[in-house]
Amino acid sequence: MTWLEAVILAIVEGITEFLPVSSTGHMIIASALMGVEPDALMKNFVIITQFGAILSVLVLYWKRFFKDIQFYVKLFIAFVPAMVFGLLLNDWIEKAMETPVVVGINLFLGGIFLLFVDRIFARNENEADKEPTYKNAAVIGFFQVLAMVPGISRSAATIIGGLTQKLNRKSAAEFSFFLAVPTMMAATGYKVLKMLTDETQSIPDGGWGLILLGCIVAFIVAMLAIRFFIGFLTRYGFKWFGWYRILAGGLIIILYLAGIELQLV
């Protein structure tokens, strides 16, 4: 991986991490188009640069993280399902990510569903901005488990989970951002632990510099993406993200059928 490739992939991560379009799917397309080798550095780069993206949530919403203990309890409740299933299904998830056509199909089908989300939950927009209850948080947490299937999108799953709990689009999206903090921190921590204990996951010389650069770029880009997403989602809903997912998923499927191998991890 070159410095330029690291910057481009970090930009992709920063833009897509909090949008309902699957950052994994986009990293697959971007890395394949640039011909990035799916080695140990690439595998760890994908996960650890997410840490830079989630730091943007802490900066933009820092006041919410000093609100009260109930906020953290709700985040913990919502985080537990992903923690449990993530540990149980880690090997399966990594194998699934080695099959890009799975990502493409899920992007495509998820995009079709997003075309109808605004109609299904139209009444939610009459609701005032509010935080989820403990029960709401638990339900959203189980929706997040669905995102362990590559291409589903953690953001899409948790926002839709919030909509099922009668949150409006803005409130559902913001809680999705908050939930990304413990979820992505845990994923990053787990990956770093594997690097320290598994020689096959070790970072080559110069690799940490690329990862640090990726985190910084992802942080800056994610801050801009979050501000854009909240305004766009509140005004226009999910329809355009749905069409975009259909195009992205269709591209992966077409490349696969054409015999062009895509591999990220």
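What are the pairs with Cβ atoms under 9 angstrom where one residue, in the range 67-89, is closer than 12 Å to residue 131 by Cα and the other, located anywhere, is of a type in the set (S, T, N, Q) and surrounded by 15 or more Cβ atoms within 10 Å (Cβ to Cβ)? Sequence gap at least six, or different chains.
Matching pairs, first to second residue: 74/136.
Checking the conditions here, which among 248, 225 is small (Gly, Ala, Ser), at negative phi and modelled with pLDDT of 90 or more? Lay out the reasoning, then the answer.
Details: 248 fails: modelled with pLDDT of 90 or more.
Residue meeting the stated conditions: 225.
Out of everything in the range 9-39 that is of a type outside the set (A, V, I, L, M, F, W, C) and not in a helix (DSSP H, G or I), what residue ends up being surrounded by the fewest Cβ atoms within 10 Å (Cβ to Cβ)? It would help to see each step written out before you state the result.
Kept after step one, since they are of a type outside the set (A, V, I, L, M, F, W, C), are these residues of the range 9-39: 13-14, 16-17, 20, 22-26, 31, 35, 37-39.
Add one more test, that the residue is not in a helix (DSSP H, G or I), and what stays is 17, 20, 22, 35, 37-39.
Working: 17: 30, 20: 27, 22: 29, 35: 7, 37: 11, 38: 16, 39: 13.
Out of the qualifying residues, it is 35.
With the requirement that a residue be over 14 Å from the mean Cα position of the chain (by Cα), of a type in the set (Gly, Ala, Ser) and closer than 15 Å to residue 215 by Cα, what does the range 1-37 give you?
6
Look through 219, 143, 232, 177 and report the one residue that is touching a helix residue (DSSP H, G or I) at 6+ places or on another chain (Cβ under 9 Å), in a helix (DSSP H, G or I) and without any contact (Cβ under 8 Å) to a residue 12 or more places away in the chain. Before you say what the answer is, go through the steps one by one.
Working: 219 fails: without any contact (Cβ under 8 Å) to a residue 12 or more places away in the chain; 143 fails: without any contact (Cβ under 8 Å) to a residue 12 or more places away in the chain; 177 fails: without any contact (Cβ under 8 Å) to a residue 12 or more places away in the chain.
Exactly one of 219, 143, 232, 177 is touching a helix residue (DSSP H, G or I) at 6+ places or on another chain (Cβ under 9 Å), in a helix (DSSP H, G or I) and without any contact (Cβ under 8 Å) to a residue 12 or more places away in the chain, namely 232.
Condition test on residue 162, is it at negative phi and either part of a loop (DSSP other than H, G, I, E, B) or without any contact (Cβ under 8 Å) to a residue 12 or more places away in the chain (or both)?
On the way: at negative phi: yes; either part of a loop (DSSP other than H, G, I, E, B) or without any contact (Cβ under 8 Å) to a residue 12 or more places away in the chain (or both): no.
No, not satisfied.
Does residue 196 count as touching a residue at least 12 places away in the same chain (Cβ under 8 Å), part of a helix (DSSP H, G or I) and either acidic (Asp, Glu) or surrounded by fewer than 19 Cβ atoms within 10 Å (Cβ to Cβ) (or both)?
Numbers: touching a residue at least 12 places away in the same chain (Cβ under 8 Å): no; part of a helix (DSSP H, G or I): yes; either acidic (Asp, Glu) or surrounded by fewer than 19 Cβ atoms within 10 Å (Cβ to Cβ) (or both): yes.
No.
Which condition breaks for residue 47 when tested against (1) surrounded by fewer than 21 Cβ atoms within 10 Å (Cβ to Cβ); (2) over 15 Å from the mean Cα position of the chain (by Cα); (3) touching a residue at least 60 places away in the same chain (Cβ under 8 Å)?
(2)
Do any residues in the range 104-127 that are under 13 Å from residue 172 (Cβ atoms) have Cβ atoms under 9 Å from those of residues that are aromatic (Phe, Trp, Tyr) and exposed (fewer than 13 other Cβ atoms within 10 Å of the Cβ), where the two are at least six apart or on different chains, and which pairs are they?
Taking only residues 6 or more apart or on different chains, the pairs are 118/236.
Enumerate the pairs (first residue in the range 1-24 and closer than 18 Å to residue 150 by Cβ; second residue anywhere and acidic (Asp, Glu) and in a helix (DSSP H, G or I)) with beta-carbon separation below 6 Å, excluding pairs fewer than 6 apart on the same chain, so at least 6 apart or on different chains.
Filtered contacts from the range 1-24: 23/13.
Right, residue 63: surrounded by fewer than 12 Cβ atoms within 10 Å (Cβ to Cβ), at pLDDT below 90 and in a helix (DSSP H, G or I) or not?
Details: surrounded by fewer than 12 Cβ atoms within 10 Å (Cβ to Cβ): yes; at pLDDT below 90: yes; in a helix (DSSP H, G or I): yes.
When the stated conditions are applied, residue 63 passes them.
The values are calculated or read from the model by the stated rules, or taken from the named source; none is laboratory data. Given the structure is predicted, the values throughout are model-derived calculations rather than measurements. No Cβ is skipped: glycine too gets one built from the backbone with ideal geometry, and neighbour counts run over all protein chains shown.
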